[in-house]
Amino acid sequence: MELLSWGDKGWGDELFFATLMTLAVATAAFLLGLVFGSLGAAAKLSRHGWLRAIADGYTTIMRGVPDLLVIYLFYFGGSALVTYVANKWLGTSGFVGINAFTIGALAIAILSGAYSTEVIRGAVLAIPKGEIEAARAVGMSRLLLFRRILAPQALRYALPGLGNVWQLALKETALISVTGLVEIMRQSTIAAGSTKKPFTFYAAAAVLYLVLTTLSTYAFQRAEDRSMRGMRRA
Amino acid sequence: MDIDFYWSTFLELLTGVPLMAQLVSLSLAVGFVLAVFVALIRLSRWRLASGIAYGYVYVFRGTPLLVQMFLIYYGLGQFEWIRESFLWVFLRQPYWCAILAFTLNTGAYGSEIIRGGLQSVPWGQIEAARAAGMSGWLLFRRITMPIGIRQALPAYGNEMILMVKATSLASIITMLEITGIAQRLISQSYRAVEILVVAGVIYLMINFMLTRLVKWLEHWLSPHLRDAPVVATPAAALAH
């Protein structure tokens, strides 16, 4: 137990900050993923065939390829791209790296964006057509209709699905440890290596993830209840 | 575009498919049995066992697969008594550790899917079976199980695709399946992006075939939803 204590002797404080890092990456990725998801859903519901095709391609690829592969692609490809751009236009020479946080958050955002796309698309489709017609009939502009009618209701319908997407993003952050970002997984590996107690630290990691997922379930349940407060109950 | 390089990479990566297929099929096969078992325990009236089954599902669904794999592969060696037991023959090999982790993981996710399927069996069907004199195992084997599994199949198809994707994690514990070979090729040629794209294409192809297979299975298991086959009757023949 001393191994997990706070301070110089134990790894408690290191694991605590690693947990904050996991939360930070997951939050950044989830929020950015929501942006991708909204764009993807808008494209899937668009009148233009080519936009729908692009969005379909995006979700099919992201859901058919292993997450690890996408993370590697960003890790290797991202640095190569940035190096190329920097050498060509910014006058630098040699290798330019991007930090592991940016790579990890971007990779997971792209992945979770694909899942968000489907969730948000379903939520928008769940809004009764009559309400949109009614809004048009009272003369709302497209922007006002989106802000007053579409967005608030879609958010309510999307909330349970987005809860799942968040849980997925949270668990996917464990894969970013391969890029060297010191989150829960990486910190546990470091601790396991220096103390020769791998079970202890990976079990600690598992408990930390369980705490995060349990708290998230609770938080999303609260949010769901709140978003449904105006609804009639059966 | 260097077609030759893409093609040779493609062929090289294909050599990882058999190992991937082994990991997927073994863990899915054992994991399915485990999932049915756990689902039944969770639906049973036996409170303690049901609670334990819930705990298992909760832990395995609430933690990343990578943690589970590391706990098994790196973690278990911490204990003297495991290293001295006969289990160590298996647990020191990454192959069996990966399979154990995948099996336990898919067993947890699968049990929730199958539980949903079993619970969706219409009550009337069970009542009808009871009325016809079936009970216990016979009722389960003839009515609940086939209908429940069929209901669960689309969701279980998703789980199968998730398993194919999950096998790429085995490369982290040194297994040379598709992703593992891709990593080796990257360290040899440094042409990471091209190699990763080819690997992605292979995974997409496999998952596409798997989706087709599940669709076909669904079709085969739901004859009652299909149109009646057009049979050539004498009357129809006469009409010509």
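On C-alpha positions alone, give me the angle between the axis of helix B:47-62 and the longest principal axis of chain B, in degrees, nearest 10. Once rounded, the angle reads 50 degrees. Diffusion coefficient of segment A:23-183 by Stokes-Einstein, Kirkwood radius over Cα pairs, 25 °C, 0.890 mPa s: 142 µm²/s.
With R₀ fixed at 60 Å, the C-beta to C-beta distance from A:LEU3 to A:SER141 puts the FRET efficiency at about 0.45. To the nearest 10, the accessible area of B:ARG83 is 100 Å² with a 1.4 Å probe. Pairs of Cα atoms nearer than 8 Å and 6+ residues apart set the relative contact order; for segment A:100-207 it is 29 percent.
So what is Rg over Rh here for segment B:138-218, counting just Cα atoms and using Kirkwood for Rh?
Ratio value, two decimals: 1.20.
Here A:SER93 and B:ILE3 are evaluated by their C-beta separation; at R0 = 35 Å the FRET efficiency comes out at 0.65. What whole-number distance in Å separates the alpha-carbon centres of segment B:185-221 and segment A:14-78? Cα centroid of segment B:185-221 versus Cα centroid of segment A:14-78: 19 Å apart.
Pairs of Cα atoms under 8 Å, at least six residues apart: use those to get the relative contact order of chain A, whole percent.
Here the relative contact order equals 25 percent.
For A:PHE16 paired with A:THR217, estimate the spin-label separation in nm (one decimal), with each label point 7 Å from Cα along the Cα-to-Cβ line. Output for this residue pair reads 2.6 nm.
Averaged over the residues of peptide B:195-207, the number of Cβ atoms from other protein chains lying within 10 Å of each residue's Cβ is 4. Bridging of A:LYS44 to aspartates and glutamates at a Cα separation below 12 Å is possible for A:ASP56, A:GLU118, once same-chain residues fewer than 8 apart are set aside.
Highest mean first, how do B:185-192, A:102-109, B:12-19, A:221-228 rank when packing is the count of other Cβ atoms within 10 Å averaged over residues?
Listed from highest to lowest mean packing, they are A:102-109, B:12-19, B:185-192, A:221-228.
For a modelled paramagnetic label at B:LEU213, 7 Å from Cα along Cα-to-Cβ, the residues of segment A:41-83 in reach, with backbone nitrogen under 20 Å, are A:61, A:63-67.
Between B:THR174 and A:ALA134, the modelled label-to-label distance comes to 6.6 nm, taking each label 7 Å out from Cα in the direction of the beta carbon.
The magnitude of the dipole of chain B, with charges of +1 and -1 set on the Cβ of Lys/Arg and Asp/Glu and taken from the Cα centre, is near 900 debye. Between B and A, buried accessible area from a 1.4 angstrom probe totals roughly 2700 Å², ignoring ligands, DNA and RNA. With a simple spin-label model that places each label point 7 Å from the Cα along the Cα-to-Cβ direction, the separation between B:ILE52 and B:LEU87 comes to 1.5 nm. Within the straight-line cut-off of under 20 Å between alpha carbons, the lysines reachable from B:LYS165 are A:LYS171, B:LYS215, sequence neighbours fewer than 8 places apart in one chain being disregarded.
Give me the net charge of A:LEU145's neighbourhood, meaning all other residues with Cβ under 10 Å from the Cβ of A:LEU145; Lys, Arg count +1, Asp, Glu -1. It works out to a net charge of +3. Each Cα pair under 8 Å and six or more residues apart adds its separation to the average, and for segment B:3-239 the resulting relative contact order is 27 percent.
For the pair segment A:123-186 / segment B:82-104, the C-alpha centres are spaced 41 Å from each other. Taking the charge dipole of chain B about its Cα centre, with +1 at Lys and Arg Cβ atoms and -1 at Asp and Glu Cβ atoms, the residue from B:GLY107, B:TYR6, B:SER171 reaching farthest to the positive side is B:GLY107. Residue separation of B:ASN158 and B:ASP227 scaled by 0.36 nm, minus their Cα-Cα distance, works out to 22.2 nm of gained length. Scoring B:58-67, B:141-150, A:47-56 by mean Cβ neighbours within 10 Å over their residues and listing the highest first yields B:58-67, B:141-150, A:47-56. Size check on the protein assembly as shown: the Cα extents along the three principal axes, sorted descending, read 81, 68, 56 Å.
State in Å² the accessible area per residue of segment A:23-183; use a 1.4 Å probe, count heavy atoms of protein chains only, and round to the nearest integer.
49
Within a Cβ distance under 10 Å of A:THR59, other residues only, what is the Lys/Arg minus Asp/Glu net charge? Local charge sum for A:THR59: +1. Per-residue shielding of A:221-229, expressed as the average number of other chain Cβ atoms within 10 Å of the residue Cβ, stands at 0. Counting Cβ atoms of other protein chains within 10 Å of each residue's Cβ and taking the mean over peptide A:205-212 gives 5. Sorted from greatest to least, the principal axis extents spanned by the alpha carbons of segment B:3-239 come out as 69, 61, 28 Å.
The values are calculated or read from the model by the stated rules, or taken from the named source; none is laboratory data. Here the structure is a predicted model, which is why all the values come from computation and not from measurement. Glycine also receives a Cβ, built like all others from the backbone with ideal geometry; neighbour counts cover every protein chain displayed. Accessible surface is based on the protein model in full, side chains and every heavy atom, while ligands, DNA and RNA are left aside. Shrake-Rupley method; radii C 1.70, N 1.55, O 1.52, S 1.80 Å.
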